[in-house]
Amino acid sequence: MSRKYATVAIVGLPNVGKSTFLNVMVGEKIAAVSQTPQTTRTKILGVVNQGEAQLAFLDTPGIHRGKYTLDKRMMAHVDIAIAEADIILWMVDSDGFFGPKERELAKRLKSVKQPVYLLINKIDLVATSSLLEKVVAYKDLASFKEIVPIGAKHKQNIEPLWELLQRDAPEREWQYSESEFTDQTERTLATEFIREKVLRKTREEVPHGVAVIITEWAEEGVDYPEDMKPGGVFIRATVLCDREGHRKILLGKGGEMIKDIRQSAQRELKKMLQRPTRLELYIKVDVGWRDKQSKLDWMKI
């Protein structure tokens, strides 16, 4: 049997479960997951090998209208992913609202040449009758190759979906080795996991005017703490925020909030890196950073 390979773009509005789906497919946490919309800021690659097929999934930022340069760059990542993809997965929330941004996306996907699947996610949250209503509401918006209800969080209908994707993947040599599963470096993953904890802990109080910058990563040498066990990782990072008011929220009363964020992120980083990990966090205010081209270039957004 010939090998198959496809690049698969995952698109949709914020908070429909795209990153959760990517993590489930890959079997590793490579995308930050939060209840806060627009957690993903760039396109993230997750490679899955099964049988003769290799699928390279591209998680993308949630479709939104933003006024900042950061927002425009995020939407550019969506354009690139759609252009690169052999198959496009449009994910919607089974319990979500059908609005103008989805109509815009539907119009856009109607003109693409690649097969488009409609994935209706979070099926565990709605009754069968509501799910059928959702199918009816969406089915004529584009020429969908398949309409697949899934529950990414609980891995519902994931195997049947894989079989459909494998069927539609072109016969082609694999583009990645069997050991590769993402293009994200450890530093990039660490940055996103720290930011995820910031979003989770602060909820609606601190919007998306937050970024995380790793300023130091030491595994040995003069910067490695003397009291840490050998073979570990020392990480120093800065939480960048847009306003002084956000800094106060991030700091918390008596420094409790930043301490909670640091401890939670450190536990996750230790699990990801599989070695002793120490994290130090600092907060810096940089008004207007979301519109600073040089800053965004430096952060590779």
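Heavy atoms only, probe 1.4 angstrom, no DNA, RNA or ligands counted: give me ASP59, ASP79, ASP86 ranked by accessible area, highest first.
ASP79, ASP86, ASP59
Filter LYS29/LYS153; LYS253/LYS295; LYS72/LYS292; LYS18/LYS134; LYS43/LYS300 down to the pairs with a C-alpha to C-alpha distance above 20 Å, please.
Where the Cα-Cα span goes over 20 Å, the pairs concerned are LYS253/LYS295.
Classify the range 1-144 as rounded, prolate or oblate, taking a ≥ b ≥ c as the square roots of the eigenvalues of its Cα gyration tensor: rounded when a/c is under 1.5, otherwise prolate if a/b is larger than b/c and oblate if not.
Verdict is rounded for the range 1-144.
Using a 1.4 Å probe and ignoring any ligands, DNA or RNA, find the accessible area of SER177 and quote it in Å² to the nearest 10.
50 Å²
Note down the Stokes-Einstein diffusion coefficient of the range 65-117 in µm²/s, whole number, using a Kirkwood radius over alpha carbon pairs, 4 °C, and 1.567 mPa s.
Using the Kirkwood radius from Cα pairs, D works out to 104 µm²/s.
Once a ≥ b ≥ c are taken as the square roots of the eigenvalues of the Cα gyration tensor of the range 166-301, is the result rounded (a/c under 1.5), prolate (a/b larger than b/c) or oblate (a/b not larger than b/c)?
Oblate, since a/c reaches 1.5 and b/c is not below a/b.
Which of the lysines could be linked to LYS229 by a straight reach, that is with a Cα gap under 20 Å, when you skip same-chain ones fewer than 8 residues away?
Straight-distance partners of LYS229: LYS270, LYS271.
Straight-line reach from LYS101: which aspartates and glutamates fall under 17 Å, measuring Cα to Cα and dropping same-chain residues less than 8 apart?
By straight Cα distance, LYS101 reaches ASP71, ASP79, ASP93, ASP140.
Of GLU173, GLU216, which has the most accessible area with a 1.4 Å probe, and how do the rest follow in descending order?
GLU173, GLU216
Give me the accessible area of GLU220, 1.4 Å probe, in Å² rounded to the nearest 10.
150 Å²
Can you match volume of the Cα convex hull per residue in Å³ to one of these, (1) 192; (2) 147; (3) 99, based on a calculation from the structure here?
(2)
Can you pull the one-decimal nm distance between simple spin-label points at ARG203 and LYS248, each 7 Å off the Cα toward Cβ?
Placing both labels 7 Å beyond Cα along the Cβ direction yields 1.9 nm.
Report, by chain and number, residues whose modeled amide H sits under 5 Å from the one on THR182, excluding near sequence neighbours (fewer than 5 apart, same chain).
Under 5 Å from the amide H of THR182: VAL47.
So, taking all protein chains as they sit and a 1.4 Å probe, how much accessible area belongs to LYS270, in Å² rounded to tens?
120 Å²
Provide LYS153, LYS253 ordered by accessible surface of protein heavy atoms (probe 1.4 Å), highest first.
Reading off the accessible areas and sorting them downward yields LYS253, LYS153.
The values are calculated or read from the model by the stated rules, or taken from the named source; none is laboratory data. Note that the structure is a prediction, hence the values are computed from the model and not measured. Note: ideal-geometry Cβ built from the backbone for every residue, glycine included; neighbour counts use all protein chains shown. SASA here: full protein model, heavy atoms, side chains in, ligands and nucleic acids out. Shrake-Rupley method; radii C 1.70, N 1.55, O 1.52, S 1.80 Å.
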